[in-house]
Every structure is written in structure tokens, then in C-alpha cells.
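Structure record follows, encoded as C-alpha cells.
No lab work stands behind these numbers, since they all come straight from the coordinates. Remember, predicted model here, so these are calculated numbers, not experimental data. Note: ideal-geometry Cβ built from the backbone for every residue, glycine included; neighbour counts use all protein chains shown.
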Amino acid sequence: MQMMHDSDPSPTHIGASAKVRPPKLVYHSRLRDFSQLDRMRDMNEHEHEHEPEPDDNAQVQEPRLWQGNGWTARVIKNEDDEGWAVAMIKDGEPEPALVGPWTMGRDKKNPKPLDTSAFHTLVKTANEVLRRHEQQLHAQLHKNTVVTVDGADIKVALDIVPDDEHPYATLSAFDDAGERIAQVRVPAGFKLSPASATAWIENGFRNPS
């Protein structure tokens, strides 16, 4: 008969009625909490990445100061009376292009606040004033007349160069095909008229000054 030692690891030593206790599962709640914190941190960082940065060039839109469309409207005290005025300043220009009276508010003391509708009206008015001013300036600096000499129509143009120190003008003649046939430099105060143009042509386009 074969003897079995107690140290024999054979499973035959485990009785049929013996119960094998399963390994105990440990729930790592702290690990779960850290994982949630990591996810929340990642979400916050992702949101911050898409947050707009402050715009230092953001346009001001306040009751007495409004910017947009290349213009700035500023409500100021009217120097002529006790009322209010609005100055329209084009971007890049040191002086206002337009200064006009501004409506009093309901309290009859403070000015009416600027708003989008009022600002758009002011911009339209200021642009129209600039356009008329540019047209007037162009008409003052560029003049022309057409005269007939020896049966030929000749256009004579006077273009003034408004230099602060040494202003001058050029007097030019063009034939009916638009070709320039003569040009001389004249004083900025030269008066162009059909008579002065004809005299210049008949004098052989010599400098009239």
C-alpha cells in the first residue's frame, strides 16, 4: 500500500466538501475620482483654448463715443451755446470732417445717446460732405477751356499744385485728338479764361508770365 505524505500538493488532499474562497475584489474608488478630475481638467483646458482673446482694437460704442465704418462720432459741448454738438472724425485724420448740432436728451440737460441708427445717419452725412468738398477742391485745382484758333479746336488745361511753400501751376494745350502739344509752368495765381488761352496759343505757347 502506497503511503501519501502530508506535503504532497496533490488535489486529492482537498476534501470534496471543502470550499475554495474566490479572490476578494478591491474597488479603487480613489483611482476613479482622480480619473474624473483628469477628464474635467482636460475639458477645461480645451474650453480655454477656444476662448477669444481680448481685442485691443475693439471699436467703442458708448452713448457719447461711437466708432465704426472708418469713422468716430464724438458728442461734445457746443462752444456757441449751452447745447451739444457731434464731431465726425475720419480714421487717420487729426481734425473733424463735420461738426454739427446734436439733439438734447429727454431730461433737457444731457445729450441724446448715440446708437446704431443715429451713427449710420451721421456717417452717411459725413461721407456726403467729404465728397462735395473733394469735388470743389478738384474744380479749384483743375480748370480747362476749349478755344478755336485757325479753325482748330484746342483744349487748354490749368492744373494747380498747392504746395505750402512754393505753389505753382502747369498750363497745357491738347489738340482735338487728345495729344498734348505744349506745356509750360505758370504761377499758381494764373487766371485761365478763353481770352488768356487764345493769347497763349497765338503767342506760340510761350510762357505768359
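Quick notes on this one:
- For Val86, the residues 5 or more places off, or on other chains, whose built amide H falls under 5 Å of its own are Ile76, Gly100, Trp102.
- In order along segment 99-115, the phi-based Karplus estimate (6.51 cos²θ - 1.76 cosθ + 1.60, θ = phi - 60°) of 3J(HN,Hα) comes to 10, x, x, 10, 5, 6, x, 5, 7, 6, 10, 9, x, 5, x, 5, 8 Hz; Gly and Pro are listed as x.
- The string of couplings for segment 151-160 from the Karplus curve (6.51, -1.76, 1.60, θ = phi - 60°) is x, 10, 7, 10, 8, 10, 10, 10, 10, 8 Hz, one whole number per residue in order, with x for Gly and Pro.
- Taking Cβ atoms as reference points and 14 Å as the exclusive limit, the residues near Ile201 contribute a net charge of -2, counting Lys and Arg as +1 and Asp and Glu as -1.
- Amide H to amide H, with H built 1.01 Å from N, Asn144 comes under 5 Å of Leu158, counting only residues 5 or more places away or on other chains.
- Distant-in-sequence amide H partners of Lys112 (H built 1.01 Å from N, under 5 Å): Thr103, Met104, Gly105
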